[in-house]
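Report on the following structure.
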Amino acid sequence: MRKFSQYLPYYLVIFFFYWPLYELFLWTISVNSTLKELYISNVIIFSPLVTFIVSLCYSCRFKFSLWWLLGIGLLFCFTIITFGEFILLYFLAYEIFALVGMAVGVAIKNLVQKLKRKKLSQNP
């Protein structure tokens with residue numbers, strides 16, 4: 001079993017976009033309309049994109065893991081602190097982005113391994 005410290009950087013990036021980023025926005029921006037725009041941009045664009053990219057990197061380095069999807073789901077609960085409610089639609093969307101990211105990552109990893117094997121088999 002791998003040590004949790006190998007997984008920690010991936011979880012910390014996701015965690016940052018699910019909760020501390022909102023607190024950072026709140027502390028640094030005093031204009032209410034700008035703050036709302038940043039919240040909405042993070043919920044609709046940045047967090048799903050980061051979830052996809054981090055899941056892709058995670059599955060390229062390790063493998064497809066249901067524990068990763070469970071971890072993403074548990075980390076999403078931190079958005080309750082910011083918004084005061086659990087939004088099921090966003091939860092499902094983030095899980096789908098994580099699932100697609102992991103699938104793409106595994107496909108890339110398999111393709112790279114296949115190309116390496118092909119290259120090694122061509123050398124005499």
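Sort Cys57, Cys77 so that the residue with the fewest other Cβ atoms within 10 Å of its own Cβ comes first and the one with the most comes last.
With the fewest neighbours first, Cys57, Cys77 line up as Cys77, Cys57.
Give me the distance in nm between label points sitting 7 Å out from Cα along the Cα-to-Cβ direction at Leu69 and Glu85, one decimal.
So the label points at Leu69 and Glu85 sit 2.7 nm apart.
Taking the chain as a Gaussian network, where each spring joins two C-alpha atoms under 10 Å apart, which residue of Leu111, Leu21, Leu56 fluctuates the most?
In this elastic network of the chain, the residue with the biggest mean-square fluctuation among Leu111, Leu21, Leu56 is Leu111.
Using only DSSP helix segments of four residues or longer, with each worth -39500 (n - 2.57), what per-residue ellipticity at 222 nm results for the chain after dividing by its residue count and rounding to 500?
Calculated mean residue ellipticity at 222 nm is -26000 deg cm²/dmol.
With springs only between Cα atoms under 10 Å, which of Gly71, Gly84, Gly101 fluctuates most in a Gaussian network model of the chain?
It is Gly84.
Only the coordinates and a few stated rules stand behind these numbers; no lab work does. Quantities reported herein were computed from a predicted structural model and do not represent experimental measurements. All Cβ positions, even for glycine, are placed from backbone atoms using ideal geometry, and neighbour counts span all protein chains on display.
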